[in-house]
Amino acid sequence: MNAPIGVIDSGVGGLTVVKELMRRLPNEQFIYIGDTARCPYGPRSSNEVRKFTWQLAESLKTHSIKMLVVACNTATAVALESLQKNCPFPVIGVIFPGARAAIKATKRSEICILGTAGTIKSGAYERALKALSTSCQTVSLACPSFVPLVESGEYEGDFAKEMVAKTLEPLQKEAFDTLILGCTHYPLLQEHIKEVVGPNVTVLSSAEETADDVYETLTYFNIQCNQANAMPHLFYTTGSIPMFRTIIENWLEIPSPIIEQISFK
């Protein structure tokens, strides 16, 4: 089936999921919307996040997508259930795949969750982890400065390194052997985070497990594309195209991405 797969996020963070989807599913076409003008979602109310997420999903419906990937942890926590109940196509989130990856990785059942204020407040990761392992012990930390840092494009330099170290100071006295990057923006800061928590902690994102879920869902419904798709990937942003383009070119290694700006009321 040659219909595209839609991917939505509060900004550029979901591109970390798109990168893994492109690697895992090279025959598929992806259409991505990053709501950079209204990013971050983490500090917003649940009603706002739900409204924005539905706007993005409705926009992608016009492209006749065959599946939707909610590549935003905050949106997944707030809106996934309603999307799954009401959309005419399969909808995949990123929280349960991330929890599953952590349970596979941990040796002591001690897991740390980093996320936006909204994701941490929702307790969605804790519930997902407990559903997979009742013996799991968790510690969580909201990192409100991380998303703006990534969205600004300043995630590689010394300033980012210092910001990450300062933000993670509360974890110094906590015990854990696995850390979930509970926001799809955070993998762009992964090397800085690894440096702070040390070599004995496994740092992981939900991208790989999410890609596996997408593959299995496509196969289950027999809607996968079985031959190379000649259609280019499409990218939409509600914010700055130049900044969006730079991150797509650097992170996805697409030399001339097709990007358009859209807006929502």
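The values are calculated or read from the model by the stated rules, or taken from the named source; none is laboratory data. These numbers come from a predicted model, not from an experiment. In this analysis, Cβ positions are derived from the backbone assuming ideal geometry, glycine residues included, and neighbour counts consider all displayed protein chains.
Starting from residues that are without any contact (Cβ under 8 Å) to a residue 40 or more places away in the chain, closer than 23 Å to residue 155 by Cβ and among the polar types (S, T, N, Q), keep the ones in region 171-219 and report whichever is surrounded by the most Cβ atoms within 10 Å (Cβ to Cβ).
190
For region 76-87, check the following and say yes or no: at least one residue is in contact with a Lys or Arg (Cβ under 6 Å, 6 or more places away or on another chain), assigned to a loop (DSSP other than H, G, I, E, B), modelled with pLDDT of 95 or more and surrounded by 16 or more Cβ atoms within 10 Å (Cβ to Cβ). Quick ask: steps written out before the conclusion?
From region 76-87, those in contact with a Lys or Arg (Cβ under 6 Å, 6 or more places away or on another chain) are 78-79; that's our starting set.
Now restrict to residues that are assigned to a loop (DSSP other than H, G, I, E, B): none.
Within region 76-87, none of the residues are in contact with a Lys or Arg (Cβ under 6 Å, 6 or more places away or on another chain), assigned to a loop (DSSP other than H, G, I, E, B), modelled with pLDDT of 95 or more and surrounded by 16 or more Cβ atoms within 10 Å (Cβ to Cβ).
When you look at residue 129, is it under 19 Å from the mean Cα position of the chain (by Cα), at pLDDT 95 or above and not in a loop (DSSP other than H, G, I, E, B), yes or no?
Working: under 19 Å from the mean Cα position of the chain (by Cα): yes; at pLDDT 95 or above: yes; not in a loop (DSSP other than H, G, I, E, B): yes.
Yes; evaluated as a whole, the condition is true for this residue.
Quickly run through region 233-265 and pick out the residues that are assigned to a loop (DSSP other than H, G, I, E, B) and either loosely packed, with under 13 Cβ neighbours inside 10 Å or basic (Lys, Arg) (or both).
Those that are assigned to a loop (DSSP other than H, G, I, E, B) and either loosely packed, with under 13 Cβ neighbours inside 10 Å or basic (Lys, Arg) (or both): 253, 255, 256, 263, 265.
State all residues of region 171-228 that are in a helix (DSSP H, G or I), under 19 Å from residue 99 (Cβ atoms) and hydroxyl-bearing (Ser, Thr, Tyr); if no residue qualifies, say none.
Those that are in a helix (DSSP H, G or I), under 19 Å from residue 99 (Cβ atoms) and hydroxyl-bearing (Ser, Thr, Tyr): 186, 210, 215, 217.
For residue 11, state whether it is under 12 Å from the mean Cα position of the chain (by Cα) and at pLDDT 95 or above.
No, not satisfied.
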